[in-house]
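The values are calculated or read from the model by the stated rules, or taken from the named source; none is laboratory data. Predicted, not measured: the structure shown is a model, and the values here were computed from it. All Cβ positions, glycine included, derive from the backbone under ideal geometry; neighbour counts span all protein chains shown. Side chains included, ligands, DNA and RNA excluded: accessible areas come from the protein's heavy atoms. Shrake-Rupley method; radii C 1.70, N 1.55, O 1.52, S 1.80 Å.
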Amino acid sequence: MTACQLEMFCFLHHWPTERGGIGRYRHFKTFAKMIWPDLDWNPWLADQIRELCNDETAAKEGDTYVKTVSMTGAAGAGKSFSSALFASGWWRCAPDESTVIVCSTQKDMLRKRVWDPISNLH
């Protein structure tokens, strides 16, 4: 495994700190920096990705993991970009096992706000 693949594996499998993990958020951030080295990890992006990685607010049953997050904030706060980044990162970890549903105020705005960053990150 490359260092990036190891971080992705640990993120995907919620590798526990008791077994050498560094937490889901830090694994995500580490591999994201490897894939997208020019990302600006500002405090808002960090907070949003940290919450998307928070296992405490997810529903888990067997191998099924469901995370629901509702973000509010001012226009330009990065909500759409952080969602696109997380979706792109998660998909890279498990393209055959991940599904992400994103919503916006209108279909055209969804395309502009989320699909553009997803396609650019890809």
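Going residue by residue through region 55-78, is there one that turns out to be acidic (Asp, Glu), surrounded by 15 or more Cβ atoms within 10 Å (Cβ to Cβ) and over 16 Å from Val114 (Cβ atoms)? No - not one qualifying residue is present in region 55-78. Among the criteria (1) closer than 24 Å to Asp63 by Cα; (2) part of a helix (DSSP H, G or I), the one Lys33 does not fulfil is (1). What number of residues within region 79-122 satisfy the criterion of being surrounded by 14 or more Cβ atoms within 10 Å (Cβ to Cβ), more than 26 Å from Glu7 (Cα to Cα) and hydroxyl-bearing (Ser, Thr, Tyr)? Within region 79-122, residues that are surrounded by 14 or more Cβ atoms within 10 Å (Cβ to Cβ), more than 26 Å from Glu7 (Cα to Cα) and hydroxyl-bearing (Ser, Thr, Tyr) number 1. Across region 36-43, not a single residue is classified as farther than 20 Å from Asp116 by Cα, among the aliphatic types (A, V, I, L, M) and surrounded by fewer than 19 Cβ atoms within 10 Å (Cβ to Cβ). Residues in region 15-30 that are assigned to a loop (DSSP other than H, G, I, E, B) and surrounded by 15 or more Cβ atoms within 10 Å (Cβ to Cβ): Trp15, Gly21, Gly23. So, Arg24, is that one at negative phi and at pLDDT below 90 or not? No. Against the numbered list (1) more than 16 Å from Glu97 (Cβ to Cβ); (2) at pLDDT 95 or above, Asn54 comes up short only at (2).
If you go through region 2-14 and pick out every residue that is closer than 15 Å to Ala94 by Cα and either open to solvent by 70 Å² or more (accessible area, probe 1.4 Å) or out of contact with any His (no Cβ under 6 Å at 6 or more places or on another chain) (or both), you end up with 8.
Any residue in region 101-119 that is closer than 17 Å to Ser88 by Cβ sitting within a Cβ distance under 7 Å of a residue that is of a type in the set (Phe, Trp, Tyr)? List the pairs, counting only those 6 or more apart or interchain. Short answer, once both residue conditions are applied: Pro117/Phe81.
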